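Peer 1: Structure incoming, see below.
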Amino acid sequence: MPIAGGECAKLALLPKIVGESRLDRLSAVDYQALRAGAVVLEADGFGEKVLQLADGRILKLFRRKRLLSSALYYPYARRFADNARKLAAIGVPVPAVEQVWRIPSLARDAVLYAPLPGISLRKLQQESLSAERRQALRLALSRLVAKLFDHGMIFRSLHTGNVIVMPDGELGLIDFSDMRFYPWSLGRTLRQRGVRKMLATEGEWLDTAIVFQCAH
């Protein structure tokens, strides 16, 4: 489909910004070598999204969904790496990012990382959890979310599938490309907005008295 004149005009304004967000390029040959023996963990109608490589590391692929979007100058893969760094800085366990690439042959960006050890809270729910264990996890998750809010962070795609229960019982986060950051501790209104989706679908896992308690 031809690009509308207005969109062309907007694109003409972007090269300098895009140039500041260049990613290292991974050739088709190197990608196929990296992908050899991989297991597809997630895919959709547009193709593969998450691969577990033969050595156990994870390769997550990102597709820009619209011609004109913020991903043009701030790629999702770069956001993932930046968000991982910001979360780690406040003591939240996250995957260790090793490399961020652009793969021209696939029209995808990618991030390579070591997986976080443990099991997702969503999968753990399928096991027989005691009431005490369930309550302990609920409190831990509520405190984790409150900690994010205290540091001005909103994880807009938060759900129990993105929360990892690690072997030592600590909670970590994965798949956190979609975050927003404020330079202050969040007030009650933003906290409510930040967990609106989760409250609607998995609200039993959040103690709102903890989550909505603003830091002083």
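The values are calculated or read from the model by the stated rules, or taken from the named source; none is laboratory data. None of the values given here were measured: they were computed from a predicted structure. Note that each Cβ is placed from the backbone with ideal geometry, even for glycine, and that neighbours are counted across all protein chains shown.
Peer 1: In the range 28-47, how many residues are in a loop (DSSP other than H, G, I, E, B), surrounded by 11 or more Cβ atoms within 10 Å (Cβ to Cβ) and either in contact with a Pro (Cβ under 8 Å, 6 or more places away or on another chain) or modelled with pLDDT under 95 (or both)? If you could, list the steps in order and put the result at the bottom.
Peer 2: Of the residues in the range 28-47, the ones in a loop (DSSP other than H, G, I, E, B) are 36-38, 45-46.
Narrowing further to those that are surrounded by 11 or more Cβ atoms within 10 Å (Cβ to Cβ): 38, 46.
Cutting the leftovers down to either in contact with a Pro (Cβ under 8 Å, 6 or more places away or on another chain) or modelled with pLDDT under 95 (or both) gives us 46.
Final tally of qualifying residues: 1.
Peer 1: Taking the residues in the range 107-145 that are β-branched (Val, Ile, Thr) and part of a strand (DSSP E or B) as candidates, determine which candidate is farthest from residue 58 (Cα to Cα).
Peer 2: My answer is 119.
Peer 1: Could you identify the single residue in 131, 84, 136, 140 that is modelled with pLDDT of 95 or more, under 24 Å from residue 195 (Cα atoms) and surrounded by fewer than 14 Cβ atoms within 10 Å (Cβ to Cβ)? Working first, answer last.
Peer 2: Details: 131 fails: modelled with pLDDT of 95 or more; 84 fails: surrounded by fewer than 14 Cβ atoms within 10 Å (Cβ to Cβ); 140 fails: surrounded by fewer than 14 Cβ atoms within 10 Å (Cβ to Cβ).
Criteria check complete, one pass: 136.
Peer 1: Given the criterion modelled with pLDDT under 95, out of contact with any Phe, Trp or Tyr (no Cβ under 9 Å at 6 or more places or on another chain) and at negative phi, identify the matching residue among 69, 21. If you could, list the steps in order and put the result at the bottom.
Peer 2: On the way: 21 fails: out of contact with any Phe, Trp or Tyr (no Cβ under 9 Å at 6 or more places or on another chain).
Answer to the selection: 69.
Peer 1: Moving on. Are any of the residues in the range 65-75 buried (at least 20 other Cβ atoms within 10 Å of the Cβ), under 23 Å from residue 183 (Cα atoms), without any contact (Cβ under 8 Å) to a residue 60 or more places away in the chain and assigned by TED's automatic domain parsing to the domain that holds residue 30? Write out each step before concluding.
Peer 2: Filtering the range 65-75 down to residues buried (at least 20 other Cβ atoms within 10 Å of the Cβ) leaves 75.
Add one more test, that the residue is under 23 Å from residue 183 (Cα atoms), and what stays is 75.
Remaining after also requiring without any contact (Cβ under 8 Å) to a residue 60 or more places away in the chain: 75.
Subset that is assigned by TED's automatic domain parsing to the domain that holds residue 30: 75.
Checking the range 65-75: at least one residue is buried (at least 20 other Cβ atoms within 10 Å of the Cβ), under 23 Å from residue 183 (Cα atoms), without any contact (Cβ under 8 Å) to a residue 60 or more places away in the chain and assigned by TED's automatic domain parsing to the domain that holds residue 30.
Peer 1: Tell me which residues, restricted to the range 162-184, are free of Cβ contacts under 8 Å to residues at least 40 places away in the same chain and either more than 24 Å from residue 137 (Cα to Cα) or in contact with a Phe, Trp or Tyr (Cβ under 6 Å, 6 or more places away or on another chain) (or both).
Peer 2: Listed by number, the residues that qualify are 180, 182, 183, 184.
Peer 1: Okay, moving on. Go through the range 94-105 and count every residue that is outside any strand (DSSP E or B) and surrounded by fewer than 16 Cβ atoms within 10 Å (Cβ to Cβ). Before the answer, list the steps.
Peer 2: Start the filter on the range 94-105 by keeping residues that are outside any strand (DSSP E or B), which leaves 94-95, 104-105.
Cutting the leftovers down to surrounded by fewer than 16 Cβ atoms within 10 Å (Cβ to Cβ) gives us 104-105.
Going through the range 94-105 one residue at a time, the tally reaches 2.
Peer 1: Output the residues belonging to the range 51-64 that are modelled with pLDDT under 95 and surrounded by fewer than 19 Cβ atoms within 10 Å (Cβ to Cβ).
Peer 2: Just the residues of the range 51-64 that are modelled with pLDDT under 95, to begin with: 62-64.
Result: 63, 64.
Peer 1: Out of 35, 25, I need the residue that is touching a residue at least 60 places away in the same chain (Cβ under 8 Å) and within 19 Å of residue 97 (Cα to Cα). Which one? If you could, list the steps in order and put the result at the bottom.
Peer 2: Numbers: 35 fails: touching a residue at least 60 places away in the same chain (Cβ under 8 Å).
Checking each option against the conditions leaves just 25.
Peer 1: Here's a follow-up. Exactly one of (1) surrounded by fewer than 20 Cβ atoms within 10 Å (Cβ to Cβ); (2) more than 26 Å from residue 51 (Cα to Cα) is unmet by residue 153. Its number?
Peer 2: Tallying (1) surrounded by fewer than 20 Cβ atoms within 10 Å (Cβ to Cβ); (2) more than 26 Å from residue 51 (Cα to Cα), residue 153 fails exactly one: (1).
Peer 1: In this structure, is residue 122 surrounded by 13 or more Cβ atoms within 10 Å (Cβ to Cβ), touching a helix residue (DSSP H, G or I) at 6+ places or on another chain (Cβ under 9 Å), farther than 24 Å from residue 79 by Cα and without any contact (Cβ under 8 Å) to a residue 60 or more places away in the chain? Don't jump to the end; show me each part of the working.
Peer 2: Details: surrounded by 13 or more Cβ atoms within 10 Å (Cβ to Cβ): yes; touching a helix residue (DSSP H, G or I) at 6+ places or on another chain (Cβ under 9 Å): yes; farther than 24 Å from residue 79 by Cα: yes; without any contact (Cβ under 8 Å) to a residue 60 or more places away in the chain: yes.
Spelling it out, residue 122 is indeed surrounded by 13 or more Cβ atoms within 10 Å (Cβ to Cβ), touching a helix residue (DSSP H, G or I) at 6+ places or on another chain (Cβ under 9 Å), farther than 24 Å from residue 79 by Cα and without any contact (Cβ under 8 Å) to a residue 60 or more places away in the chain.
Conditions tested, residue by residue: (1) over 30 Å from residue 33 (Cα atoms); (2) in the same structural domain as residue 180 (by TED's automatic domain parsing).
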{"position": "91", "(1), (2)": "yes, no"}
{"position": "99", "(1), (2)": "no, no"}
{"position": "106", "(1), (2)": "no, no"}
{"position": "129", "(1), (2)": "yes, yes"}
{"position": "140", "(1), (2)": "yes, yes"}
{"position": "146", "(1), (2)": "yes, yes"}
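Peer 1: Go through the range 201-216 and give me each residue that's assigned to a helix (DSSP H, G or I), closer than 29 Å to residue 111 by Cβ and not charged (D, E, K, R). Steps first, please.
Peer 2: Our first condition is that a residue be assigned to a helix (DSSP H, G or I); within the range 201-216, this holds for 201-205, 208-211.
If we keep only those that are closer than 29 Å to residue 111 by Cβ too, we end up with 201-202, 205, 211.
Result: 201, 205, 211.
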